[in-house]
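Where a number appears in this text, it was derived from the coordinates with a stated rule and is not lab data. The structure displayed is predicted, hence computed values, not measured ones. Heads up, the Cβs are rebuilt from the backbone with ideal geometry, glycines too, and the neighbour counts pull from every protein chain shown.
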Amino acid sequence: MTQGNELVVAALSGGVDSATAAGLLVEQGHRVVGMTMRLYDARGTAASSGGRCCGPRDVEDARAVCAHLGIPFYVVDLAAEFSAAVVDDFVEAYLAGETPNPCVKCNQHIKFTPLLERARAIGADVLVTGHYAQILAAGPGGDGHELRRGLDAGKDQSYFLFSMPAHELGSVRFPLGGMTKHEVRAHALRLGLPNATKDESQEICFVPDGDYAGFVSAQALRRGRTLPVAGNILDQDGAVVGRHEGAHRFTIGQHRGLGNLSTKDKLYVTAVDPARAEVRVGPRSAAERRELVIRDLRWLAPARDTLDATVQVRHRGTPIVATIVIDGDRAIVQLAEATVAAPGQAAVIYDADRVLAGGWLA
């Protein structure tokens, strides 16, 4: 961590984790300034009033935390940037039949560089967040900093952080990375934080009700886009086994919410074709792959041409041993075992608990 009495900015989401990180810094003698992002516009289109991260209610929760801690509080309006970089990408990905991860996009474009710029404008060189991950100085023979998994495996957020700018690792601190969630909650209660018992967010912040398809439909209509149309659900032989109300309602590997199919077999979505308004289903094995292509590769470690590592394709997914060949900004991945992997999902490459690189499944 930084030396005591140094000026640092704490990024506050309104939740208990970021509030606890700020509280611990104050307790350690740092001069802390709280900053919260406003991610909604006047119509509430980016994050509704019921949102779980940086919505209106969360901004007020963050304000209350800063008042309790006796630290300055600033609100940074990033609604336009958030809508363009995160919400628009989310909508377009679903319309294209992909499975986006908006939290990764937010970390890439919104949470770090813009807040660090504002931190430096007030004389602070360090940004602190409540993420469950660790940033460590590189080991012997290395330089710079390394992003590693958080101590609490159940809360580890390193998967979402591969997209943060590599050159900013040295300016970011994650005080909770070496703690468990239970320990963090205990600190929040001990510090008397006004949001110490606040529930955790479970859904995407701008779709708090979890109705992704409804949100995408509404946003497509707002943008003057052609709404996804109803179509057929086909089995692996091309036979029609059901109908759907829009291909944007499905993602590779999905097995719930398939409607009334003319079969009692347990089926999974194996392909989504928005252009034809078709969704294909089949056994789980038909949705699995052993070879992956990761596009738009971003490195948080020195780039390599080939490597043996593990690859994780879902936040809660198990890392899978893989052999990887790098081709420009793509990684060709051979997995030791097959897994369900949807185009558009984030894929992260690890060496043990260190994040090496990540990108998006083609």
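Only bridges whose two residues both fall in region 7-190 count here: according to DSSP, what percent of them are antiparallel, nearest 5?
25
Any chance you could get the radius of gyration and Dmax over the Cα atoms of region 187-276, in Å?
Values for region 187-276 (Cα only, Rg and Dmax): 19.1, 61 Å.
Roughly how many whole Å is it from the C-alpha centroid of region 50-113 to that of region 308-325?
Region 50-113 and region 308-325 have Cα centres spaced 28 Å from each other.
Counting other Cβ atoms within 10 Å of each Cβ, which trypsin sites (Lys or Arg not before Pro) in region 301-362 have at most 12 and sit in a DSSP loop?
Arg316
With the cut-off at 1.5 for a/c, could you classify region 319-362 from its C-alpha gyration tensor as rounded, prolate or oblate?
rounded
Provide Trp360, Trp299 in ascending order of the number of other Cβ atoms located within 10 Å of each residue's Cβ, fewest first.
Fewest-to-most Cβ neighbours within 10 Å comes out as Trp299, Trp360.
Helix-only estimate, please: 222 nm mean residue ellipticity of the chain, summing -39500 (n - 2.57) across DSSP H runs of length 4 or more and dividing by its residues, to the nearest 500.
-6000 deg cm²/dmol
Select from Gly34, Ala247, Ile320 the residue farthest towards the positive end of the dipole of the chain; place +1 on Cβ of Lys and Arg, -1 on Cβ of Asp and Glu, and compute about the Cα centre.
Ala247
What residue among Gly150, Gly257, Gly70 has the largest mean-square fluctuation in a Gaussian network model of the chain, using Cα springs under 10 Å?
For the chain, modelled as a Gaussian network with Cα springs under 10 Å, the answer is Gly257.
Just how large is the dipole of region 309-361 about the Cα centre, in debye to the nearest 20, putting +1 at every Lys and Arg Cβ and -1 at every Asp and Glu Cβ?
In total the dipole reaches around 160 debye.
Please compute the volume of the convex hull spanned by the alpha-carbon atoms of region 124-219 and report it per residue in Å³.
165
With springs only between Cα atoms under 10 Å, which of Leu335, Leu227, Leu147 fluctuates most in a Gaussian network model of the chain?
Highest fluctuation among the options: Leu227.
Restricting to the chain, what percent of DSSP beta bridges are antiparallel, rounded to 5?
If I count the DSSP bridges inside the chain, around 75 percent turn out antiparallel.
Report the equivalent ellipsoid semi-axes for the chain in whole Å, largest first, defined as the square roots of five times the eigenvalues of the gyration tensor built from alpha carbon atoms.
37, 25, 17
Output the relative contact order of the chain, whole-number percent, from Cα pairs under 8 angstrom with separation of 6+ residues.
16 percent.
Output the 0 to 90 degree angle, nearest 10, between the alpha-carbon long axis of helix 212-222 and the longest principal axis computed from the alpha carbons of the chain.
So the helix axis and the longest Cα principal axis differ by about 90 degrees.
Over region 7-190, calculate the relative contact order: mean separation of alpha carbon pairs under 8 Å at least 6 apart, over the residue count, as a percent.
Dividing the mean separation by the residue count of region 7-190 yields 23 percent.
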